[in-house]
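The values are calculated or read from the model by the stated rules, or taken from the named source; none is laboratory data. Computed from a predicted model, the values in this text were never measured in an experiment. With ideal geometry, Cβ positions are generated from the backbone for all residues, glycine too; neighbour counts draw on all protein chains shown.
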Amino acid sequence: MAFIPIYIFILFFTIIIDYIAGIIIERESGRKRKLFLIASICANVGVLAIFKYFNFFAVNVNAIISALYITSHAVPLLNIILPIGLSFHTFQAMSYTIEVYRGHQKAERHFGIYSLYVMFYPQLVAGPIERPQNLLHQFKEKHDFSSQNLLDGLRLMLWGFLKKLVIADRLAIYVNVVYHSPKDYHYLNLIIATLFFTIQIYCDFSGYSDIAIGAAKIMGFNLMTNFNHPYFSKNIREFWERWHISLSTWFRDYLYISIGGNRVSMGRAYLNIAVVFLVSGLWHGANWTFIMWGAMHTVFILTYMLIKQFTKFKLPNSFFYNLLSGVLTFLLVAFAWIFFRANNIHDAFLIINHIATFYSKVPYEMTLPDLITKVEFGRLAILLSILMPVFMFISESQLSINLTNLNSKPIKDIAFCIFILVIIVLFGIFQNSSFIYFQF
Amino acid sequence: MSPIIKICAVLFIAGLLSWLIDTPLVNTLYKYKYIVSARNEEIFEGKKDYDVLFIGSSRTYRSVYPKIIDSICGTNSYNAGVESGGIDDFKLMLDGYLQNHPAPKVLVLTLDLFSFGKDYDVHFYPQYYPYINNQALKSDLIEYGHNMNVIEKFPFLMITYFDDYLKERAIRFLRGLDTLSTGPSADIIVYKGFESNSDFHIKQNEIVKVRERMSITKESIRTLNEMLEECNRHKIKVVFTYAPEYNHSLQRASTNIDSVFGLIANTAKKNNIRYIRDDSLEICKDPMLFFNNTHLNKQGAIVYSLILAKELNSILLPGKGGGE
């Protein structure tokens with residue numbers, strides 16, 4: 001994953017294809033429309049296939065070939081690097097042509113405005129993956145400077161920076177050390193690292209979304225909500241309604257519905273769900289670990305749906321049962337993250353095995369030396385890794401998604417922002433570290 | 001309340017609080033790392049006249065004991081080794097030193113296998129920030145991409161460069177729960193930039209695990225040549241050295257030692273510089289003298305300094321019997 005200037009032409013290529021396709025799809029009717037939609041989708045998926053999936057495909061084909069002893073026919077690997085944010089902007093571009101095809105969106109005639117739709121900088125590299133209906137019209141409206149937008153945007157950005165710099169990047173130190181060589185760690189270290197990663201990925205990705213939404217807000221643009229407190233979900237279905245909303249609704253609108261959704265037989269509908277989750281796993285990365293992660297969620301959600309459909313079992317709506325189901329959902333999600341974070345499938349199963357068997361041949365140590373940067377993860381780091389997520393979750397449970405309910409309480413608003421800013425300066429991790437989702 | 005007033009209030013109060021909280025922490029952190037601070041103070045703010053200046057990585061400041069060098073060579077030397085330092089640090093130390101001090105007669109530059117790349121960059125640049133009154137140091141840091149304007153205007157923001165471990169030590173120190181544990185103690189020797197390891201020694205047949213390629217960047221070669229030109233301008237005699245390592249362990253962990261040694265040897269030949277490689281000395285086979293694979297322990301440093309002093313004596317005082 002990298003930004004290479006020449007790769008900007010990939011972006012221009014898809015922009016030009018989709019811009020022309022959009023106009024033709026709107027103008028034409030019948031088969032020709034469909035043909036241009038397919039051409040546009042092929043161009044976008046083709047770029048993804050070459051840059052993101054070709055080598056994965058080649059490696060696996062070569063493994064099969066090698067197993068069959070036909071080594072002379074190995075597929076050559078491409079020496080290319082995944083362009084930064086490729087999966088995000090191609091999906092955003094595809095949503096445009098599909099919406100034009102469905103008649104929900106007029107084709108954009110202004111090439112500059114269409115280009116801006118694909119390249120709008122706050123969300124270019126890691127979303128939210130916008131829909132044309134929400135964003136395109138905003139580029140045509142006049143946006144005067146608004147001090148309220150400035151405050152709302154800055155506050156949200158500050159919150160995003162807290163999640164990224166104070167929580168995610170600190171937890172990453174611990175997670176990276178343990179997941180780098182999981183066989184060398186006690187099962188408790190593996191559990192802690194997995195729980196830390198569960199919080200890290202939320203803070204990293206939702207932190208980026210907050211920064212992106214906040215930056216757009218300052219300029220007067222409203223981006224869609226991407227996270228709605230997903231770890232407060234009481235079941236796995238609810239989790240997917242709250243996690244990476246712009247992607248899950250993308251898959252729902254453009255893949256799940258396109259292959260029949262739930263308007264088919266029950267078995268086929270379940271198969272459709274499985275397809276969506278497996279493709280979602282593959283979207284995250286060309287690696288079996290991501291596919292396994294998608295498969296885990298398929299199992300979770302189908303189990304949930306089957307239980308709901310075939311039994312009369314229903315938890316009473318009380319605080320205790322809500323808490324219990326919330327904790328269970330959180331643990332299931334955390335369990336699946338093992339596959340997402342592990343370096344390979346072997347490591348993922350090793351981690352699960354060591355946790356399940358209470359592996360303790362190596363001693364448990366709460367603090368860790370960092371093998372990579374030689375920075376010790378000491379008591380202060382442990383303390384902050386516990387206190388700051390607790391502060392974050394409590395705050396998020398009381399605040400609205402975009403923190404705008406603070407506007408009506410000026411003193412609390414000021415105190416909250418001061419506290420966050422001081423904490424970021426004092427305890428932020430300012431070493432170079434990218435956002436996890438930039439690689440997708 | 002107007003949003004702009006809110007923003008201004010947040011910035012002002014948060015800035016003030018950060019200044020109040022972070023300043024004592026930053027000051028304590030520099031005291032905590034006080035051996036490094038003392039060395040940097042001497043290099044960047046001192047004005048003393050030294051005959052011999054040793055520059056290198058931790059393999060220099062852990063190994064070269066100026067007291068022994070001076071007693072044998074009759075010189076006044078200073079050890080300006082930098083922890084995890086690479087060629088950029090070496091230039092920065094030399095430039096900063098020459099800003100205030102008279103030029104030394106001899107520069108002993110210890111070049112490691114990892115001196116010429118950026119991959120091995122675990123180095124702690126903020127150690128230089130308190131000394132940016134030294135213009136040569138400041139311009140080098142700006143050249144290396146550091147934003148010195150922010151640090152000059154808001155020194156408390158130096159806290160953002162410290163990791164949790166150092167902050168934890170500083171908090172404990174401020175609470176009176178910790179002492180300056182890296183300061184001088186009975187275990188180690190601290191003298192004119194030299195900071196020995198303790199007497200701890202490695203076991204025989206210490207395993208070398210990782211094999212990696214040491215990078216050589218064009219910029220690092222250019223930086224080395226700039227240093228040599230500067231020495232030439234100041235009429236400083238340059239000596240290259242390679243510090244002892246246990247059983248060539250660092251070399252066994254590297255896949256391209258010939259390119260690195262070739263670069264150093266060619267540069268030495270081209271510039272008529274003496275290149276002393278001390279990686280095949282008898283002491284390199286004795287685990288009792290090594291703190292780890294690449295660093296001598298206290299006893300090892302004393303033994304090696306005696307050997308190095310004799311080697312340097314022949315260069316420093318060719319008329320007094322040594323001869324090259």
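In this structure, A:SER246 does not qualify as in the same structural domain as A:GLY294 (by TED's automatic domain parsing), under 18 Å from A:THR90 (Cβ atoms) and out of contact with any Ser or Thr (no Cβ under 9 Å at 6 or more places or on another chain). Sub-6 Å Cβ pairs linking a first residue in region B:1-26 that is buried (at least 21 other Cβ atoms within 10 Å of the Cβ) to a second residue that is hydrophobic (A, V, I, L, M, F, W, C) and not in a helix (DSSP H, G or I), at least 6 apart or interchain, number zero. Please state which of the following conditions A:GLY46 fails to meet, knowing it meets all the rest: (1) free of Cβ contacts under 8 Å to residues at least 60 places away in the same chain; (2) at positive phi; (3) surrounded by 13 or more Cβ atoms within 10 Å (Cβ to Cβ). If we test A:GLY46 against (1) free of Cβ contacts under 8 Å to residues at least 60 places away in the same chain; (2) at positive phi; (3) surrounded by 13 or more Cβ atoms within 10 Å (Cβ to Cβ), just (2) comes out false. Report yes if some residue within region A:299-318 is of a type in the set (Gly, Ala, Ser) and closer than 18 Å to A:PHE232 by Cβ; otherwise report no. Checked region A:299-318: at least one residue is of a type in the set (Gly, Ala, Ser) and closer than 18 Å to A:PHE232 by Cβ.
Apart from one condition, A:TYR185 fits all of (1) surrounded by 23 or more Cβ atoms within 10 Å (Cβ to Cβ); (2) within 14 Å of chain B (Cβ to nearest Cβ); (3) out of contact with any Pro (no Cβ under 9 Å at 6 or more places or on another chain); the exception is (2).
Just to be sure before I move on: is A:THR249 part of a loop (DSSP other than H, G, I, E, B) and modelled with pLDDT of 90 or more in the structure I sent?
Numbers: part of a loop (DSSP other than H, G, I, E, B): no; modelled with pLDDT of 90 or more: yes.
Judged against the criteria, A:THR249 is not a match.
Show the residue pairs that are 6+ apart or on different chains and have beta-carbon atoms under 8 Å apart, the first residue being within region A:359-381 and in the same structural domain as A:LEU188 (by TED's automatic domain parsing), the second being at pLDDT below 65 and among the acidic types (Asp, Glu). These pairs meet every condition: A:GLU376/A:ASP370; A:PHE377/A:ASP370.
Under 20 Å from B:TYR61 (Cα atoms), within 14 Å of chain A (Cβ to nearest Cβ) and in contact (Cβ under 8 Å) with a residue 24 or more places away in the chain: which single residue out of B:PHE124, B:PHE162 fits that description? Full working, then the answer.
Details: B:PHE162 fails: under 20 Å from B:TYR61 (Cα atoms).
After ruling out the rest, the residue left standing is B:PHE124.
Is it the case that B:PRO130 is in contact with a Leu (Cβ under 6 Å, 6 or more places away or on another chain), over 25 Å from B:GLY262 (Cβ atoms) and in contact (Cβ under 8 Å) with a residue 12 or more places away in the chain? Considered against the rule, which asks whether it is in contact with a Leu (Cβ under 6 Å, 6 or more places away or on another chain), over 25 Å from B:GLY262 (Cβ atoms) and in contact (Cβ under 8 Å) with a residue 12 or more places away in the chain, B:PRO130 comes out as no. In region B:1-107, counting only helices (runs of 4 or more DSSP H) that sit wholly within it, the ones holding 1 or more residues that are within 14 Å of chain A (Cβ to nearest Cβ) span B:3-32, B:58-61. Tallying residues that are among the charged types (D, E, K, R), assigned to a helix (DSSP H, G or I) and more than 14 Å from B:PHE194 (Cα to Cα) within region B:285-311 yields 3. I'm trying to understand the selection: among the residues of region B:230-262, which are within 21 Å of the chain's Cα centre (by Cα) and part of a strand (DSSP E or B)? Across region B:230-262, the qualifying residues are B:LYS237, B:VAL238, B:VAL239, B:PHE240, B:THR241, B:TYR242.
Only one of A:PHE419, A:PHE349, A:PHE340 is part of a helix (DSSP H, G or I), at pLDDT 90 or above, surrounded by 15 or more Cβ atoms within 10 Å (Cβ to Cβ) and more than 9 Å from chain B (Cβ to nearest Cβ). Can you tell me which? Spell out the reasoning first.
Details: A:PHE419 fails: more than 9 Å from chain B (Cβ to nearest Cβ); A:PHE349 fails: surrounded by 15 or more Cβ atoms within 10 Å (Cβ to Cβ).
Result: A:PHE340 is the single residue among A:PHE419, A:PHE349, A:PHE340 that is part of a helix (DSSP H, G or I), at pLDDT 90 or above, surrounded by 15 or more Cβ atoms within 10 Å (Cβ to Cβ) and more than 9 Å from chain B (Cβ to nearest Cβ).
Do we have A:PRO132 as buried (at least 21 other Cβ atoms within 10 Å of the Cβ), at pLDDT below 80 and farther than 30 Å from A:MET388 by Cβ here? Quick ask: steps written out before the conclusion?
Values: buried (at least 21 other Cβ atoms within 10 Å of the Cβ): yes; at pLDDT below 80: no; farther than 30 Å from A:MET388 by Cβ: yes.
So A:PRO132 does not fit the description; no.
Just one of A:THR97, A:THR90 is over 18 Å from the mean Cα position of the chain (by Cα) and crowded, with 17+ Cβ neighbours inside 10 Å; which is it? Outline the logic, then answer.
Values: A:THR90 fails: over 18 Å from the mean Cα position of the chain (by Cα).
Answer to the selection: A:THR97.
The set of residues in region A:111-129 being farther than 12 Å from A:ILE15 by Cβ and exposed (fewer than 13 other Cβ atoms within 10 Å of the Cβ) consists of A:TYR121 alone. Among the criteria (1) in the same structural domain as A:GLU28 (by TED's automatic domain parsing); (2) of a type in the set (Gly, Ala, Ser); (3) closer than 22 Å to A:HIS284 by Cα, the one A:ALA172 does not fulfil is (1). Residue count for region A:82-123, restricted to those that are without any contact (Cβ under 8 Å) to a residue 40 or more places away in the chain and closer than 22 Å to A:LEU282 by Cβ: 1.
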